[in-house]
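None of the figures in this text is laboratory data; all of them are computed from the coordinates on show. Just so you know, these numbers come straight off a predicted model, no measurement behind them. Cβ: placed from backbone, ideal geometry, glycine included. Neighbour counts: every protein chain shown.
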Amino acid sequence: MTKREVADVCVGTAKLVLVLLAILVVALLALSIHWKPQALKNQAVVARLLTTACPELSADAPSRIERIRLGNGTALVPGMDRAVSGYILRPRVSRSGFTIAADPVEVGKTGLFFFFREETGMIRYEVDKPAGKFSKPWSIFGPEGEWEKRVQNEIERLPKRAR
């Protein structure tokens, strides 16, 4: 082979490597972008369902909460976990009402936040741990853009492994 032929082969190989690297970068970007919209969609659905949760009482006296009905018709049985929209919902009943803990099935992929619905109906959330009665309050209703800003701020606070 002449020097010219060797140089042509090297240039061709370099072009092929660059094209493959560009394809790899595009594929990785597509994969990293794909889960965020699904996680955001799931948590919006779950937050909405938690706000619409209503108890269904037993017919016998004294009445007690038999089920908790979500806005989409899903029935939660107290003491039994249930997967809904990428979250595990854990309903609990007390004498004064009910609570629901909602944790992402896979943090970062199926949801970004952990939720907790108090007996009063207040929804609370945490970013990196299960939410409880002392967590930050969540509002899906508010000034336009507030929710998107809050989500973006919380995403920025996530550990890089979860992003």
FRET efficiency, Phe134 to Ser63 (Cβ-Cβ, R0 25 Å, nearest 0.05): 0.25
Packing rank of 44-50, 61-67, where each peptide gets the mean count of other beta carbons within 10 Å, highest leading: 44-50, 61-67
In Hz, Karplus ³J(HN,Hα) per residue of the range 86-96 (6.51, -1.76, 1.60; θ = phi - 60°; x = Gly, Pro): x, 10, 9, 9, 10, x, 9, 10, 10, 5, 9
Label-to-label distance, nm, for residues given as Glu5 and Arg48 (7 Å Cα→Cβ offset): 6.7 nm
By average C-beta atoms within 10 angstrom, highest first, the peptides 112-122, 91-101: 112-122, 91-101
